[in-house]
Every structure is written in structure tokens, then in C-alpha cells.
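Got a structure here, written out as C-alpha cells. Questions coming.
A short reminder: the numbers here are calculations on the coordinates, not readings from a lab. Because the structure is a prediction, the values reported are computed rather than measured. When we count neighbours, we look across all protein chains shown, and the Cβ atoms used for this are built from the backbone with ideal geometry, even at glycine.
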Amino acid sequence: MLASLAEGASEISHFSAAADCRSTLDCFSRLGVKIDIQGDRVRIDGAGLGGLRKPRRTLDSGNSGTTMRMLAGILAGQKFPSTLDGDASLRRRPMRRVMDPLAQMGARIQAREGGFAPLKIEGAALSPIDYSLPVPSAQVKTAVLLAGMFAEGITSVTERVRTRDHTELALAEFGAHLDQESRTIRIHGSPRLKGRSLVVPGDLSSAVFFLVAAIVLPESNVVIHNVGLNPTRSAVLDVLGSMGAPVSLVSIRSEHGELVGDVSIRHEPLKGGSIEGDAIAQLIDELPAIAILGPYTEQGIEIRNAAELRVKESDRIAVLTENLRRMGAQVEELPDGLRVAGRSAGRLRGAEIEPHGDHRMAMAFAIAALGAEGETVIRDSECAAVSYPDFFPALERLVER
């Protein structure tokens, strides 16, 4: 997104083949940005902050809530109308949380009743605001900061709970003027972004499935190289460590503002524990992988204050509960989380898993199945391609070793 708004060309290496990322590229192609894809290298000829063109058709975000919410912030400040839509799952996800602050800035956005996609956005001259996030959300924070680039003056976002800061780091890398004081981030309007050559580190939210696999299978030892270790994203490593997992980090370095390094983990029986409070915001994508560890721990795992899981690609609390029970786990579903009994409740057994089209559910239960007794069948397993098209071949190669 930032490369598309920059002046000059950017080359992004190790670009993900995930469907979500391709949806973003497709949207910007329709907005007139020249994009060339060669394997995992993407060249983007930036249009500049005012260079996007009116799309001829609806912009399709696919399954990507990140694309829709963040792009809404950019489109709100354009001089042309546009429409953002997505698949059936994305049409069920709440967009009012991003529409409200953008409306405060002067954006004109129409949606279906209740604030659901498609979003019809009339470009408008935006005004800066000082916005406090009512719900911790890096996507909403990003949408406001991106819209702030099209406002005259300084736009600020204050968050009660710190969320992932990839956007702030990337904005600074491209040359935007940001100030940060405690939990408040300020962006100065009308920046001149400059094209860059960048390397994307490995995604920790995807890597965590293999880390958990090492915990599930005895005598396992896994090393994953060149993983992003941004402190606002690596809380999952602290959680696994607190439960007894021997996690090691080596070769840590900074690349383009992001911490990168190698992560190693080996099998060790875990004690389990409770996850709740402010930590949830920095673990929201990793919670499915943590939850399926419950039957492999001594005490089990309890997750609270995570009602946000109910408005992801699926109701992840309900889907985790349903499928863990199918595998024989003892699970108590809670309004804002779940409680999964430990290994004393019995070993998991193979079952037919319904991920409800949710990529993280498909991957999480593939890992749960590694230690289960009998065969597990995951329906609609191709939904993993939303974030990790190569997940099942990669898992097969890893298990064969």
C-alpha cells in the first residue's frame, strides 16, 4: 500500500503468495498502479500520494479484512468514488469500527445495515482528528493513520492497549513524519513517500503452527530462519516459554525497521495456563494455535477477554470448541474465550474437522491432528491458502524429516 503511494519504484522481496496479499495487489492494480510480479519479488511503480485513479469496477478484498479496513483509510481521502467488497466471510465482519473514525475526518462511507461490506466510499477532503481506539485494533489504527496522510495537519491515534506497530515502522521507512509519545502516534499530513527496496521477514503468525507442532510431537526440534520478531507481535513466544516450551532466539538483527531472527524450539511437556487481559491484543491471530495445545498440556489452557475471536473469518471460539470436542477434548465455551482440559482428560482422537472456511482453523487442527490417535480429515483445507498456500506441503516435508 505504501509503495503504491510512494514516488518512484519499490521492489519487495520475499512477498507472500497468500491470497490476502494478492487481493491487495489486485486492488491497487485497479487503482492504476503498475505492479509486476516475478515469483516472490514484486516491483511497484508508485503513483505518489495523489496519483491513484478511479477504478472501473468494485475493488475486491477477497477474504482480507486487513485489505478492506486499511484501504478504506486511503480511499476516504481520494477525489473519486469507489466501492470495496469481499467474499461472504468478509461481508460478515464488522466495518463500523473503521467507518466511524473516518467519518469524523469527513469521509462519506455507506455500508449495509449494521456496518457491513460492501463499502461505498465518496472521496472527500479530510480533516485531522485526535482519535482514541475504543477497541484495540491495529487495522483501525492503520486506517486512521493512512487517512491522516490525506488531511492537512496532524492526525493522532491513542491506544489503551498497545497493538502491532508494523504500520508505524513502515511509514517511517518510506519517509512519513511520525511522532510517538507513550501510546499516542501522530502523523503529519501530505508526506512525500519515497520508493524503497525491502525484504519481508517470515510471518511469525504462520511460523507459530510449526512451533506448536514441535511441542505436540515428542522428540521434535524445529528451527525457523528469518522470522519477524517485532516486539508487538512476538508475545506468542513469551506465552509458550511461560508454559515451559524451550524457545531460543538467535541471529537477531534489524532490517528496514523490523527485528528479524531465527527461532528454535524443541519438544517439552507443557504445563499450560491462562491467557487474558491486555496480552490478548498482541496474540489475537495466534490464539487458535495456542488453544489446540490445551489437550497436550498438564493443566489445560484457558483463554479469556478474547471476544474479538468471534468476529474473525469465523466465530473462532465456537469453531475451536466444536472441533476440539469432535476430537474428544473437554472444552468449556465461554462468552469471551474457552477453557480446554489438559492431557489427563484423555488423548485426542482423529475426527472430521469443519474449519468453516477459516484458514487459521484449518492449520490449527492439522497440527492438533499430529498427536491424535487415528485419522483426521479436514474439510475445505484449501482455505489455508488465504494466508499460507504452501502450508500443507511444508508441514508434510517437516514431518517426514
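Taking H as built 1.01 Å from N, whose amide H comes closer than 5 Å to the amide H of Thr232, not counting residues under 5 places away?
Asp165
Distance between the C-alpha centers of the stretch 371-387 and the stretch 266-288? Whole Å please.
The stretch 371-387 and the stretch 266-288 have Cα centres separated by 22 Å.
Just check the stretch 204-400 against the gyration tensor rule for me: Cα atoms, a ≥ b ≥ c as the square roots of the eigenvalues, rounded for a/c under 1.5, and otherwise prolate or oblate depending on whether a/b exceeds b/c.
Rounded is the answer for the stretch 204-400, as its axis ratio a/c remains below 1.5.
Can you compute the FRET efficiency between Leu249 and Thr58 using 1/(1 + (r/R0)^6), with r the Cβ-Cβ distance and R0 = 45 Å? Round to the nearest 0.05.
0.55
Apply the a/c threshold of 1.5 to the C-alpha gyration tensor of the stretch 2-199 and tell me whether it is rounded, prolate or oblate.
rounded
If you take every DSSP beta bridge whose two residues both sit in the stretch 204-400, what share of them, in percent to the nearest 5, is antiparallel?
The answer is about 75 percent antiparallel.
Calculate the spin-label point distance for Ala279 paired with Glu219, positioning each point 7 Å from the Cα along the beta-carbon direction, and give it in nanometres.
3.2
Report, in deg cm²/dmol and to the nearest 500, the calculated mean residue ellipticity at 222 nm for the chain, where each DSSP H run with n ≥ 4 adds -39500 (n - 2.57) and the sum is divided by the residue count.
Calculated mean residue ellipticity at 222 nm is -8500 deg cm²/dmol.
For the stretch 330-345, in order, what is each residue's ³J(HN,Hα) by Karplus, 6.51 cos²θ - 1.76 cosθ + 1.60 with θ = phi - 60°, in whole Hz (x at glycine and Pro)?
8, 10, 10, 7, 10, x, 10, x, 7, 10, 10, 5, x, 5, 5, 7
Just to check I understand the Karplus step: with θ = phi - 60° and J = 6.51 cos²θ - 1.76 cosθ + 1.60, what whole-Hz values come out for the stretch 249-266, glycine and proline as x?
The phi angles translate into 10, 9, 6, 6, 8, 10, 9, 6, x, 10, 6, 9, x, 9, 10, 10, 8, 10 Hz.
Given the C-alpha centroids of the stretch 314-363 and the stretch 139-210, what is the distance between them in whole angstrom?
Each part reduced to its Cα centre gives a spacing of 34 Å.
Looking at the chain only, what percent of DSSP beta bridges run antiparallel? Nearest 5 please.
About 75 percent, rounded to the nearest 5.
Taking 7 Å along the Cα-to-C-beta vector as the label spot, tell me the Ala17-Asp380 distance in nanometres, rounded to one decimal.
It is 2.3 nm.
Just checking my list (i) 37, 22, 20; (ii) 41, 30, 19; (iii) 98, 28, 13 against semi-axes √(5λ) of the Cα gyration tensor in Å computed from this structure; which label fits?
Matching entry in (i) 37, 22, 20; (ii) 41, 30, 19; (iii) 98, 28, 13: (i).
Out of all DSSP beta bridges in the stretch 39-158, what portion is antiparallel? Express it as a percent rounded to 5.
Antiparallel bridges: around 55 percent, rounded to the nearest 5.
Once you put a point 7 Å from the Cα of Lys271 and another 7 Å from the Cα of Arg192, both along the Cβ direction, what distance in nm separates them?
With each label placed 7 Å out from Cα toward Cβ, I get 5.7 nm.
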